[in-house]
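The values are calculated or read from the model by the stated rules, or taken from the named source; none is laboratory data. The structure presented is a predicted model; accordingly, all values stated were derived computationally and were not measured. Heads up, the Cβs are rebuilt from the backbone with ideal geometry, glycines too, and the neighbour counts pull from every protein chain shown. For the accessible areas, the whole protein counts, side chains as well, though only heavy atoms, and no ligand, DNA or RNA atoms are used. Shrake-Rupley method; radii C 1.70, N 1.55, O 1.52, S 1.80 Å.
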Amino acid sequence: MVGQHDENLLPEMLPVYYTRLFPQNIFCRWLACGSSPQPLSNRELSFTLADDIYLRYLSINNQKEFQTLLQKKCPHKLDIGAVYNTKPSIGRHDAVVLSRELVFDIDLTDYDEVRTCCQEAKVCNKCWKFMVVACEIINAALKDDFGFQNILWVFSGRRGCHCWVSDYEARTLDSPGRAAVADYLCLIFGGENKNKKVHLGSDNLHSSIKRSLNIIDRYFLEILEDQDFLSTSEGTKKFLKIIPDDTLRKQVEESFGRGSSTVDKWECFIQTYYQYCKENINAIRKMKYLVEEIKIQYCYPRLDVNVTKGFNHLLKSPFSIHPKTGKVSIVFKPENARSMKLEDIPTIYSLLDDNSPDKIQHQNNMRTAVKNFQEVVFSLEKTEAMRRRNDASKYIIL
């Protein structure tokens, strides 16, 4: 079948992709800005070659060296690491991490307890809506609550997305600072054995939580319909266990007999909850935000916080080819995530195979992704130039 994924074809196709389609110039400019004020050569790159041969502590001085390295090694996977005080190399013990983009990794496998359409590595357009909500919530928080502006969103190539924050203040955050940002953005806590994983208390909601709930509400009914959480006895039991009050839980379970679909049952829950709170004033104190807590537990972003907190975690490069799917890790705008369709994401096959029926559309989508990347890099370059001028002005003797 034309365009069908075959990992064995990558050694033949990757050299062509890296030469013709990988945006080497803008990629190196992005890395250079993200490395400033250190030289580009102090940035760690990592290659995974065929047969899972892993090369760390690679570095480049310029685009020409990067092009030569790509052609020579032809990596099946390209990862980006931190910026050091010196050129990184194996066994060098005096290398100290100076900076690294603030990064976020959101993977749909972390939604397996709530998504019903797919599990594990599988992903479809229905569960992609979880990513849409995540992108909008995280992007808004980074801009509105932290003031970050240079934010890059990248499809992971398989089942999630990565976010790179390149502002100087973000790049130079220490580990406690990164942990503080990650903790601020986490509202879901607890493993498989914990039923209720969101606790908002009884005080007034923080503005960031209100904003997140407004975003969730734009998609909540769609997600209810798509995932049909309450269509099975198992899904219904999971939902009921979230309700902390035994009497209310029993009443909600009884009310579900009046609904056929998940949306109907949700409405039954809402009506029963508000009626119960009206009749039991004390219930409001311990369940004031139960509706909001359930929405968050089902739809709020689930971050891999260890990726955000650590300096040394390598993350897949934009425009890498995912070796298991052949898809390109394209750059997208978070406001356009909703219109993205997984079948429209370019693959190395659709871009290079002349017989691919998707070639023209996917080539256009690839151009759009590169343009999105350029916009972020151009903005970052302007920001960095202004920062350097401001820094220089501090040392001018009047």
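Quick notes
- The chain, dipole about Cα centre (Lys/Arg Cβ +1, Asp/Glu Cβ -1), debye to the nearest 20: 820 debye
- Helices assigned as whole DSSP H runs in the chain whose Cα atoms extend at least 27 Å along their own long axis and whose mean Kyte-Doolittle hydropathy is 0.0 or higher are found at 125-144.
- For the chain: Kirkwood Rh in Å [reciprocal of mean 1/r, alpha carbons]: 23.1 Å
- Protein accessible area in the chain, 1.4 Å probe - carbon and sulfur %: 48 percent
- Estimated distance in nm for a label pair at A385 and D52, the labels positioned 7 Å out from Cα along Cα-to-Cβ: 4.6 nm
- Accessible surface for the chain, divided over its residues, is 48 Å² per residue with a 1.4 Å probe.
- Projecting the Cα positions of T383, F332, N355 onto the charge dipole of region 275-398 (unit charges on Cβ atoms of Lys, Arg, Asp and Glu, taken about the Cα centre) puts T383 furthest along the positive direction.
- Cα shape, region 119-195, gyration tensor, a/c 1.5 rule: oblate
- Here's the picture: charge each Lys and Arg Cβ at +1 and each Asp and Glu Cβ at -1 in the chain, and of I53, I209, H93 the one pushed furthest to the positive end of that dipole is H93.
- Loop-located trypsin sites (Lys or Arg not before Pro) in region 292-398, at most 14 other Cβ atoms within 10 Å (DSSP): K324, K341, K394
- 5 Å-binned pair-distance histogram of region 247-398 (Cα, whole percent): 2, 7, 9, 10, 10, 9, 8, 9, 10, 10, 8, 5, 2, 1, 0, 0
- Label point 7 Å beyond Cα of A179 along Cβ direction - residues of region 302-334 with amide nitrogen under 19 Å: 303-314
- When only the Cβ of Lys, Arg, Asp and Glu is charged (+1, +1, -1, -1), the dipole of region 196-292 relative to its Cα centre reaches about 460 debye.
- Spacing of the modelled spin labels on H5 and N195, each 7 Å from Cα toward Cβ, amounts to 3.8 nm.
- Along its principal axes, region 62-152 has C-alpha extents of 46, 35, 27 angstrom, given from the largest down.
- Ranking Q275, V165, C135 by how far each Cα lies toward the positive end of the dipole of the chain (charges on Cβ) leaves V165 at the top.
- A simple count of charges around D6, restricted to other residues whose Cβ falls under 13 Å of its Cβ and scoring Lys, Arg +1 and Asp, Glu -1, yields -2.
- Net charge dipole, region 69-130: roughly 400 debye, given to the nearest 20, about the Cα centre with Cβ charges of +1 for Lys and Arg and -1 for Asp and Glu.
- Above-threshold pairs, the threshold being 22 Å between Cα atoms, out of K129/K286; K143/K333; K197/K316; K87/K324; K77/K129: K129/K286; K197/K316; K87/K324; K77/K129
- Considering only E44, E279, E169, the mean-square fluctuation computed in a Gaussian network model of the chain, springs between alpha carbons under 10 angstrom, is largest for E279.
- The alpha carbon convex hull volume per residue for region 275-349 rounds to 175 Å³.
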